[in-house]
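Derivation of every value follows stated rules applied to the coordinates shown; laboratory data play no part. Being a predicted model, the structure only gives us computed values, none of them experimental. Glycine also receives a Cβ, built like all others from the backbone with ideal geometry; neighbour counts cover every protein chain displayed.
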Amino acid sequence: IKKRQQDIVRFLEANKINFEEVDITMSEEQRRWMYKNIPQDKQPAQGNPLPPQIFNDDQYCGDYDSFFEAKESNTVFTFLGLKPNLASKVNIS
């Protein structure tokens, strides 16, 4: 999990995208918010979704696998709901 989080953080920093990293292990409220705001069709068949989960404010973007696919296809800004090269606030839970 940590390696995946670091990969996302490095990308956001390299592209000068403002973000807030949220540690759900330190806040039950943040953990509940994350679980509640992941769309039902993106929930795992069993258990809870694992971090990292990516949000643009309250809008769910996806998990690490979705981020990686977007990165590989050069569509990360669209994935994040951003215009290319424009900074916004992205949350990683």
Here the Cα Rg-to-2.2 N^0.38 Å ratio for the stretch 1-43 is 1.35
Taking the chain, the lysine pairs whose C-alpha atoms sit under 17 Å apart (8 or more places apart or on different chains) add up to 5
Stretched fully, the stretch from GLN6 through ASN37 gains (0.36 nm per residue minus C-alpha distance, one decimal, in nm) 8.9 nm
For the chain, using Cα atoms only, the Rg and Dmax in Å read 12.6, 37
Highest mean packing first, using Cβ neighbours within 10 angstrom, the peptides 70-80, 21-31 sort as 70-80, 21-31
Once ASN74 and MET26 are pulled to full extension, the length gained, defined as 0.36 nm per residue separation minus their Cα-Cα distance, is 14.0 nm
Taking the dipole of the chain about the Cα centre (Lys, Arg +1; Asp, Glu -1; charges at Cβ), the one of LEU12, ASN48, CYS61 that reaches farthest to the positive side is LEU12
